[in-house]
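Visitor: Dumping the structure here so I can ask a few things about it.
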Amino acid sequence: MSRGLHEIASGTLFGVALNYQGLLQQRLAEFDQAPYKQPPIKPVLFIKTPNTRNVHQGEVVYPTGVERLQPGPALGVVIGKDASRVSQAQALSHVAGYTIVNEFSLPEDSYYRPAVKAKCRDGFCALGPALVPVDAIADPHQLTLTLYVNNERVQENTTANFVRGIAQLIAELSEFMTLHAGDVLITGTPEGRVDVRPGDRVDVDITGLGRLTNTIVAE
Amino acid sequence: MKHARIRFQGQDHAVTVEADNAVRLADGRLLAEDQVQWLPPATGSMFALGLNYADHARELAFTPPTEPLAFVKSPGTYTGHNQVSWRPDNVAYMHYECELVAVIGKPARNVKREDALQYLAGYTVCNDYAIRDYLENYYRPNLRVKNRDATTPVGPWIVDVADVPDVGNLALRTWVNGELRQEGTTADLIFAIPYLIEYLSSFMTLQPGDMIATGTPEGLADVVPGDEVVVEVEGVGRLVNRIVSETRFFKNNKA
């Protein structure tokens, strides 16, 4: 099941930051100040490089010398057909399906510079357990995301709180870069990221998509 | 030796480059430079450096960084030698950036700078175009500025490390329509290639085909449709690109 997902979703992993209303609202006052000067105009994007790929039930390495590590529960949208300059109305016809993403990161105090050191470490992007076809999800904007650490519920939100919905993201991104078949759009992590430690079991549950499990191990 | 990837009669080939940029296919055929479509010579992730030349940092009124400022580019933005890049309609400032690129040859994790060159497949050249109108102060430089379709020419080839004995002292030059517009030297790099490999591999594994674009010196200027832009790194390669309009690019690239 998991292998099928990783064969299909083998392209670039594009992340969207600040795509939950609660997270954006928390930071808006700060975003009027330097170095930001104004709130973001377009989607705030980052790339999870291929070395970050990880799987359901995979181990996530807690790096030596790092003080804090945080899971990032997110809905993953897997592109099924190249999308260049598509309208919002056409956008979902370019989607193969959905999966769960756990976008691990060191804490982000600042959004000013690219977060390569925080986000591009080996194994910091778990995907799985499966690719759920687009037709199997009635409304991708009504899904509950729940994060469990050692079976305790520690973070919960809903995709109803997106700043930008899936169709709008695909339309805005594909205006300047083609989303290729196999690319994955990581639609954002909500506010309230928590810290995890070596030995922890981390699960992300999204309505209709199952549960993505990873364990944290010391380097 | 120079190694390239080209497309010929609908097939992709790994080739070596000979005199006058003729390419030798694995089956022995020799094709002229203008007979083939040049592809990017590597297709991994690109780690591009911002503000890595002291003069350029000054030009942009920035204090030189104390830690490398790296941003990531994905393969969709690459294009090859002798291809076109597009300028969006209604923007004020699109500029070229001539850069020396180190190409990773084998997985690199926790590599010390004195060992770094052993991890290279070789060197190439890129033109790291930017659309400055779209700069925002979030993950700056943001993807809309730097990760646009076909807006990062790379190539023409990868040259072996042994063929570039003094990588710390190479001239970089950019010509627009034959006029020299940018000139610098890798001697002015703030963070040199061995340091960058040590830095990046200290927290992640660099993969074969990944590239480190080392940044650009001062001398940026606007380019417009119709311009021919040539970026050259001495002893590595001369990479040619032409600017077309957004309208023309998408007319030619969509059926």
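Visitor: Are any of the pairs B:K2/B:K112; A:K119/B:K73; A:K48/A:K117; A:K37/A:K119; A:K117/B:K106; A:K37/B:K73 more than 19 Å apart by Cα-Cα distance, and if so, which? Provide the component values of the computation, followed by the final result.
Guide: Details: B:K2/B:K112 27 Å; A:K119/B:K73 14 Å; A:K48/A:K117 11 Å; A:K37/A:K119 24 Å; A:K117/B:K106 21 Å; A:K37/B:K73 25 Å.
Going by Cα-Cα distance, B:K2/B:K112; A:K37/A:K119; A:K117/B:K106; A:K37/B:K73 fall outside the 19 Å limit.
Visitor: Where the eigenvalues come from the Cα gyration tensor of segment B:40-253, what are the semi-axes √(5λ) of the equivalent ellipsoid, largest first, in whole Å?
Guide: 26, 18, 17
Visitor: Give me a comma-separated list of calculated 3J(HN,Hα) values for segment A:64-77, in order, Karplus coefficients 6.51, -1.76, 1.60 applied at θ = phi - 60°, integers in Hz, x for any Gly or Pro.
Guide: Ordered by residue, 3J(HN,Hα) equals 4, x, 9, 8, 9, 10, 10, x, x, x, 8, 7, x, 10 Hz.
Visitor: To check you understand DSSP bridge types, tell me what percent of the beta bridges within segment B:40-253 (both residues inside) are antiparallel, rounded to 5.
Guide: 80 percent
Visitor: DSSP beta bridges in chain A, what fraction antiparallel, as a percent rounded to 5?
Guide: The antiparallel fraction comes to roughly 80 percent.
Visitor: Check A:V44: other-chain or 5+ apart residues with amide H under 5 Å from its amide H, H built from backbone geometry?
Guide: Residues meeting the criterion, in which the H sits 1.01 Å from N, are A:A17.
Visitor: Estimate the FRET efficiency between A:E67 and A:E7 by the formula 1/(1 + (r/R0)^6), using the beta-carbon distance for r and 22 Å for R0, to the nearest 0.05. Don't jump to the answer; show the numbers that get you there.
Guide: Values: r = 36 Å, r/R0 = 1.66.
Efficiency computed from Cβ-Cβ geometry: 0.05.
Visitor: Let me know the Rg and Dmax you get for chain A when you use only its Cα atoms, in Å.
Guide: Over chain A's Cα set, Rg and Dmax evaluate to 16.2, 47 Å.
Visitor: Å³ per residue of the Cα convex hull, for segment A:170-219?
Guide: On the way: hull volume 8.0 nm³, N = 50.
Roughly 161 Å³ of hull volume per residue.
Visitor: Taking Cα centroids, how far is segment A:150-217 from segment B:185-255 in Å?
Guide: Measuring centre to centre over Cα atoms gives 32 Å.
Visitor: Let me ask another. Using a Förster distance of 56 Å, how high is the FRET efficiency between B:Y93 and A:N150, based on the Cβ-Cβ distance and rounded to 0.05?
Guide: So the FRET efficiency works out to roughly 0.60.
Visitor: Next up: Cut-off 10 angstrom, C-alpha nodes, Gaussian network model of chain A. Which of A:N54, A:N151, A:N102 fluctuates the most?
Guide: Looking only at A:N54, A:N151, A:N102, the largest GNM fluctuation is found for A:N151.
Visitor: Mind putting a number on the dipole of the protein assembly as shown about its Cα centre? Charges go on the C-beta only, +1 for Lys and Arg and -1 for Asp and Glu, and I need it in Debye to the nearest 20.
Guide: It works out to roughly 820 debye.
Visitor: Return the single residue from B:R238, B:R109, B:R173 with maximal mean-square fluctuation; model: Gaussian network over chain B, springs between Cα atoms under 10 Å.
Guide: Top of the fluctuation ranking is B:R109.
Visitor: Per the helix-only calculation at 222 nm, which mean residue ellipticity applies to chain A, given -39500 (n - 2.57) for every DSSP H run of n ≥ 4 and division by its residues, nearest 500 deg cm²/dmol?
Guide: Calculated at 222 nm, the ellipticity per residue is -4000 deg cm²/dmol.
Visitor: Using only the alpha-carbon atoms of the protein assembly as shown, report the extent along each of the three principal axes, biggest first, to the nearest angstrom.
Guide: Taking max minus min along each principal axis of the Cα atoms, the protein assembly as shown gives 65, 51, 50 Å.
Each reported figure results from applying straightforward, stated rules to the coordinates on display, with no laboratory input. Quick caveat: nothing in here was measured; it's all calculated off a predicted structure. All Cβ positions, glycine included, derive from the backbone under ideal geometry; neighbour counts span all protein chains shown.
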